[in-house]
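Have a look at the structure below, then the notes.
The values are calculated or read from the model by the stated rules, or taken from the named source; none is laboratory data. Because the structure is predicted, anything quoted here is derived from the model rather than measured. Here Cβ is always computed from backbone atoms with ideal geometry, including for glycine, and neighbour counts include all displayed protein chains.
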Amino acid sequence: MPFEGLAEKLQATFKKLTGKGKLNEKDVKSAMREVKLALLEADVNFLVVKDLIRKITDRAVGQEIMESLTPGHQVIKIVNEELTALMGGTQSKVVIASNPPTILMLVGLQGAGKTTHAGKLACYFRKQGKNPLLVACDIYRPAAIDQLKIVGEKVNTPVFERGSRNPVAIAKEALEYAKDHQYDMLLVDTAGRLHINEELMEELKSIRDGIHPHEILLVVDAMTGQDAVNVAQSFHEKLGIDGVILTKLDGDTRGGAALSVRAVTGKPIKFVGTGEKLEDLEVFHPDRMASRILGMGDVLTVIEKAQANMDSRKALEMEKKLRTRTFTLDDYLEQLEQVKGMGSMSDILSMIPGLNTKKLKGIQIDERQIPRTQAIIQSMTKKERNDPSLINASRRKRIAAGSGTRIQDVNQLLKSYEELKKMMKQLNGAKSKKGRLRLPF
Amino acid sequence: MESDDRKKKSFFSRLKNGLTRTRGNIADRVDELIRYYREIDDEFFDDLEETLIMGDVGVPTSEKIVSSIREKVEKEKIGDPSRIKDLLKDNITSILKRNTQPLTLPHPTVLLVVGVNGVGKTTTIGKLADRYRKEGKKVLVAAADTFRAAAGEQLEIWCQRAQVPIIRHEEGADPAAVIFDAIQSARSRGTDILLCDTAGRLHNKKNLMNELEKMNRVIDREFPEAHKEVLLVLDATTGQNAVSQASLFQEAVGINGIALTKLDGTAKGGVIIAVKSQLDIPVYYVGVGEQTEDLQPFVPEDFTEALFES
């Protein structure tokens, strides 16, 4: 996808910044252009984007740059937090009526996936021990009732249908039927319609007024473009929706429509359709959606991990040690432990967008090397750790034996350490180009 | 479903009607810009770009259009914003006119209809079947969407309306086998046009795309004397993902043309400009309503005109 590299682009924008100081307006502004483009490519509505950018800029300007994060990552973090907040922060579930049956009514444009998702909901609630009844109120599309019947059969849920009679009457009758037959949930499938089709919108209103659904769920195709705003707004204005089901999220769409719909209706996304099978219905996770819209894989997880593990005070100390050239093997060990706390190295690297496997091959990370390195360092005496130049051939032999490694491994480690020290010299010489430690893996 | 006394409007006015809100978003906004700006400056171009993006034209294509207009403005020293509208129209039309190879339907032709879920493949086939039969062609429909529940039934109803025969297997059958049978049948009936419906599939699902490739191979192998057209159905409400859809379907089976459906909503279908600009695929048809005759050949000038006419 073209914007997988948002993080990289932001890094490039912030290249000139050192690791310290505050983000100023100019820095943030150029970064916001990248964020804006990423959101627009994801089909987030333009006006929603504008509003978001304003909010994010306000928050980002003047922020202290944290030691544990690069400025680029920090901006992404803010963007992500704003996106997540806009999408409702936490998950939102369907409210089960205290006095059954719980009535859910599905509405939406043609081809959004209402019938399929009526089936998916039946499957989902059945697993939760509910006893749902599907109601076929799409009397217009050829074979829509047949489709619902087949879907119903697959998920073991009866379908209430009265052919192509008036859908309002069908819905009302279904409600009575459900009450009489102890169904505790009514899932009403309606015909797909254009939001500008007054006549059909009136019909939906009549169905609503006839059965008073506990929730009206708007089914929206995740691939919808800028028009998602119009669609959501008119359905909401005319019917008052309570939540959204976002479908076809198993495609490669970034799903910016989710944000638009949420922004104009203020109603939460409750479920997402994630596959062809009728079990493929998931509860919506705002945070996951945020990173998807940004097209960044799981970079946020990486950021969070880095934040949690790379204690900023420790990092500062480490940097000081590097500068004053008192970086010992003990410090090296400590750094390794920090990295280890972040999970497997290749996991972390694979989560970073833009890093492709080709590049990874050049880096050659061997996670197994980390505990081995630890073992080697721990097999050294305190004296040796502080002054590795002491380590002669016989000491090497002892260390190798003590750590269960080979002498070559000990040599390798000492070499890596020397490289790091060399880097540290450069760091001192060039007045900290990047401003933070780079591990010599 | 619509009442029969529905006023028969010309196609053009219906397309225009369908695009009313679009105009509210593109044309009106351009007019607004023209009224607002005394001279053409950077900010004007930024606003123009925004307008296009709001019409689903997408960032790269909008940038491209605006920069080429900017170039022209600078070269010809155009200072009057009111001339921008014509430049914009010309620019969009020229993108849409790129490779407008018409759909050819010699005897016999196989038309394989593909697309993601819910774009209107089955409905489009129903409309096409009716259209071709009325043109005097012998049409046969193959129900190769054996996956979605009741897809076959839906198609069968359309075929009854259009009075054309249909080849169907059970739900869950191998779609390539349906196509195989349909080809044999088409040959013995002397069918002019064989329309093949396929199951909606998201373009990033490798196994489903492989299945489509298999159908495509069966057509090539079993019906070599037939002219083959692969029609991709795109939903006008779709955003930038349409570009990805077009390019991945193109990669898998090779697309000859596009049908752009659901233009009767408020959706702009602006993404077709992005698709045209990035991929060289002709647009054959546009769908502007639920009636059979609402599926019409695509005319670039009309599309742009409908977008801008006030």
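Residues in segment B:266-292 that are within 14 Å of chain A (Cβ to nearest Cβ), closer than 24 Å to B:A162 by Cβ and not in a helix (DSSP H, G or I): B:G287, B:V288, B:G289, B:E290, B:Q291.
The single condition among (1) at pLDDT below 70; (2) in contact with a Phe, Trp or Tyr (Cβ under 9 Å, 6 or more places away or on another chain); (3) within 14 Å of chain B (Cβ to nearest Cβ); (4) crowded, with 21+ Cβ neighbours inside 10 Å that A:K9 does not meet is (4). Taken as a whole, the condition of being within 14 Å of another protein chain (Cβ to nearest Cβ) and without any contact (Cβ under 8 Å) to a residue 60 or more places away in the chain does not apply to B:A129. Hey, any hits in segment A:87-94 for a residue that's under 25 Å from A:G210 (Cβ atoms) and over 26 Å from the mean Cα position of the chain (by Cα)? No: zero hits.
Within segment A:124-162, being in contact (Cβ under 8 Å) with a residue 24 or more places away in the chain and in a loop (DSSP other than H, G, I, E, B) holds for A:K130, A:N131, A:D138, A:I139, A:Y140, A:R141, A:V155, A:N156, A:T157, A:P158, A:E161.
Summed over segment A:220-229, the residues that are touching a residue at least 40 places away in the same chain (Cβ under 8 Å) and over 16 Å from A:G251 (Cα atoms) give a count of 3.
What do you reckon, is A:K149 assigned by TED's automatic domain parsing to the domain that holds A:H236, under 24 Å from B:G126 (Cα atoms) and over 33 Å from the mean Cα position of the chain (by Cα)? In short, yes. If you check B:V139, B:V116 for being at pLDDT 95 or above and at the interface with another protein chain (Cβ under 10 Å from one of its Cβ atoms), only one passes: B:V116.
Taking the stated definitions as given, is B:V178 buried (at least 24 other Cβ atoms within 10 Å of the Cβ) and in contact (Cβ under 8 Å) with a residue 40 or more places away in the chain? Taking the combined requirement at face value, the residue does not satisfy it.
A:I170 - would you say it is within 13 Å of another protein chain (Cβ to nearest Cβ) and on the phi < 0 side of the Ramachandran plot? Spelling it out, it is not the case that A:I170 is within 13 Å of another protein chain (Cβ to nearest Cβ) and on the phi < 0 side of the Ramachandran plot. Considering segment A:230-258, and only residues there that are surrounded by fewer than 24 Cβ atoms within 10 Å (Cβ to Cβ), in contact with a Ser or Thr (Cβ under 8 Å, 6 or more places away or on another chain) and touching a residue at least 60 places away in the same chain (Cβ under 8 Å), the residue that is farthest from the other protein chains (Cβ to nearest Cβ) turns out to be A:G243.
The residue that is farthest from B:R131 (Cα to Cα), among those in segment B:150-175 that are within 14 Å of another protein chain (Cβ to nearest Cβ) and exposed (fewer than 15 other Cβ atoms within 10 Å of the Cβ), is B:G172. If we scan segment B:4-12, do we find a residue that is in a helix (DSSP H, G or I) and either of a type outside the set (G, A, S) or modelled with pLDDT under 90 (or both)? Yes, segment B:4-12 has at least one match. Anything in segment A:108-134 that is more than 14 Å from chain B (Cβ to nearest Cβ) and either in contact with a Leu (Cβ under 6 Å, 6 or more places away or on another chain) or under 21 Å from B:R201 (Cα atoms) (or both)? List them, or say none. Listed by number, the residues that qualify are A:L121, A:Y124, A:P132, A:L133.
Could you list, in sequence order, the residues of segment A:161-190 that are crowded, with 21+ Cβ neighbours inside 10 Å and under 20 Å from A:G108 (Cβ atoms)? Across segment A:161-190, the qualifying residues are A:E161, A:P167, A:I170, A:A171, A:A174, A:M185, A:L186, A:L187, A:V188, A:D189, A:T190. The listed residues are B:L231, B:L295, and the only one of them that is in contact with a Lys or Arg (Cβ under 8 Å, 6 or more places away or on another chain), hydrophobic (A, V, I, L, M, F, W, C) and more than 12 Å from every other protein chain (Cβ to nearest Cβ) turns out to be B:L295.
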